[in-house]
Every structure is written in C-alpha cells, then in structure tokens.
1. Taking the mean number of other Cβ atoms within 10 Å as a proxy for protection, how do you rank 34-42, 139-147 from highest to lowest?
2. What's the center-to-center distance, using Cα atoms, between segment 111-134 and segment 168-183 in Å?
3. Just to confirm a number: summing +1 for Lys and Arg and -1 for Asp and Glu over residues other than HIS126 whose beta-carbon lies under 13 angstrom from that of HIS126, what do you get?
4. Mind listing the long-range amide H neighbours of ARG22? Cut-off is under 5 Å, sequence gap 5 or more, other chains count too, H placed in the peptide plane at 1.01 Å from N.
5. In segment 21-194, what is the count of Lys pairs whose alpha carbons are under 21 Å apart, counting only pairs at least 8 residues apart or on separate chains?
6. 5 Å is the cut-off here: which amide hydrogens, built 1.01 Å from N in the peptide plane, fall below it relative to LYS147, excluding neighbours closer than 5 in sequence?
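FYI, it's all coordinate maths here, none of it is from the lab. From a predicted model like this one, the values you see are computed outputs, not experimental measurements. Positions of Cβ are generated from backbone atoms using ideal geometry, with glycine treated the same way; all protein chains shown enter the neighbour counts.
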Amino acid sequence: MTALHPSTPDSYPARDVYTPFRVTDLKQWVYCPRILYYYTCLPKVRPETYKMQAGVESGRSEEDREVRRSLRTYGLRSGRREFNVDVQSERLGLRGTVDMVIWAQVGGEEQVIPVDYKLTRIAGKHFRLQLAAYGLLLEEQWGVPSKRGFLYFIEQRRAHEVRFNSRLREELLQTLDAMHRMIAGEQIPVPTAQRAKCLTCEFRRFCNDVL
C-alpha cells in the first residue's frame, strides 16, 4: 500500500486481497480503539444494538424530508443532490456510503459537499473526522474539490458546517495510519481512558483487563 501522505512511512505489508476500512470505523476508533479491533479481528461476535438500527431507519426517513428541504439550509442557492453515494479509495484503504452529496457552484468553483445525518446533538471529533473522510473520498473519486461538509442533526433539524482545513485533513490521515498499523499487527490497542463509556459498550464483556 502506498503512503497516505509524505510524513507517513510506506511500511504496510503487501496483501493479495486488500479489504478497506469503512468510514464509520473512524468514529469507532476515536470513541475507543478496541471497538474497531473487535469489529475487524472478531467480526463474528459483533452485536447489533438498538442505536445502530435506529440510526439507519432515521436516515432513510430523512431522505423524504430532504427532497422538500431548501438548499438554503446549507447556505446554497442551488445545487444537485444525490443520496446514498458509494465512495472508496484503495490508496486510503477506505470505503463508505455518504447519506447525501451536494454538487454546487461556490464562488465560481464547482464543489462536492457531503452531508451526514446524525441523531446526536453534538458535533464531536469522531463525527468531524468521519465527515472529512467522506469529503476526501469524494474529492479523489470525482476530481472535484471538497472544502466543507455538513452534519445534519435530525432531531434539531439543524445543519452544522465542518470546514475541511489542513489540520483536520492531517488528523484524518494520522488516524487512518494508526488504524492500518493496528490491523496489520493484529495487536489489541489500549482501551479508552474514559471508562464511563465502557458501561454501555456492546463489547464490555471482552475487556476483562479493564472491567
């Protein structure tokens, strides 16, 4: 696999078949690296929680409302919308499906803007990284710049803008690098330092060294 960026060593082992991470794995890594380890190294024991199913169903319902919603919600006068857009990059080892993509002219320049629907009310770091990943994948796949995206909070009916600045992009690439190193070495990472998260974690029974 090629380096993600100049400061990342080209040290990943060769693979006959390369299975990329999902964009949603980024938020799991930030929340607690062990969750991603269990997902990838112990996939048969992965449970499905009510939150997971609720998020999928809410996203589908939001599509119907989105068609009737003005693009002014995103600070745009016009543009083209597309739902459930698949994106992937072998270079980044990443794939995913964007809830909604807007193609629009911004300041005389064509841009591609990802929108991610959320049931939460907070634009946490893990969601910002996830959104930036969608932007980078769209940019690479379509050859159109992606300079910003939106987290759309379903319950509040509010769009939160996230700028894809150099700092966020660098943080994204560093996070991806750590994820690839984890799976290449098959080494269980340290748990989150915020142990309160463990109380509601679907994998809590596997962390006997913590709980």
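1. Going from most to least packed, we get 34-42, 139-147.
2. 17
3. +2
4. For ARG22, whose amide H was placed from the backbone, the distant partners under 5 Å are ARG95.
5. 9
6. Distant-sequence amide H within range of LYS147: VAL112.
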